[in-house]
Every structure is written in structure tokens, then in C-alpha cells.
Amino acid sequence: MLRLDYLSCVLTIASTVLVGRRYWEGWALATVNSVIICIIAVRTAQFGFVPANVFCIAMSVINLHSWRAAPTETLKPSTAQTSVASRPQP
């Protein structure tokens, strides 16, 4: 039989690593993991985990949407970041 607790453990580690590396797939794995935690909570009658993980699901979906929708732009140096040597002398 599939051990959901071990699967959740692997998904937690994988999603944390992926989000840390700025991959949007990490948020998708976090969403799946929160669903699995809700299933575990209902099966073991630990209903306090359900609202927290429903909140985590909502946050993961919002973050996933914003990360996928944000256009990738190249960083442009601002005037505050230019070096003193490149500024015109009075």
C-alpha cells in the first residue's frame, strides 16, 4: 500500500528545493503535498491540519499563478547602482 506520509516527506523536500531555486514547479508540488496532508489528516481524524493546508493550497495556487504570469525582464541598472567613477565630474 502507498505510504502517504513518506510521499508527503519527499514532496516537501522536493518542493522546498525547487522553490528555493526559483522554479515554479515547486509551487505545484507544494499544492499536491498539501492535498496529500489533508487526506492524511482526514484519515487519522486530525482535522486541525485541514484548514491550515487548505490555506497553503490557496497560497500555492496564488503564487504559482503570479510566478507563471510575471514576464521575465532583464535587470537594468538604476542610477543609484552606478559606480562613482562613471558619474560625470562637476
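Remarks
- Restricting the stretch 9-31 to residues that are surrounded by 15 or more Cβ atoms within 10 Å (Cβ to Cβ) and β-branched (V, I, T) leaves a set whose member that is farthest from the chain's Cα centre (by Cα) is T12.
- Test result for V32, modelled with pLDDT of 90 or more and among the aliphatic types (A, V, I, L, M): yes
- Search result, residues across the stretch 16-27 that are out of contact with any helix residue (DSSP H, G or I) (no Cβ under 6 Å at 6 or more places or on another chain) and within 14 Å of R68 (Cα to Cα): R22, Y23
- For the stretch 32-67, a residue qualifies if it is of a type in the set (S, T, Y) and out of contact with any Cys (no Cβ under 8 Å at 6 or more places or on another chain), and the qualifying residues are T44, S60, S66.
The values are calculated or read from the model by the stated rules, or taken from the named source; none is laboratory data. All of these numbers come straight from a predicted model, not from anything done at the bench. All Cβ positions, even for glycine, are placed from backbone atoms using ideal geometry, and neighbour counts span all protein chains on display.
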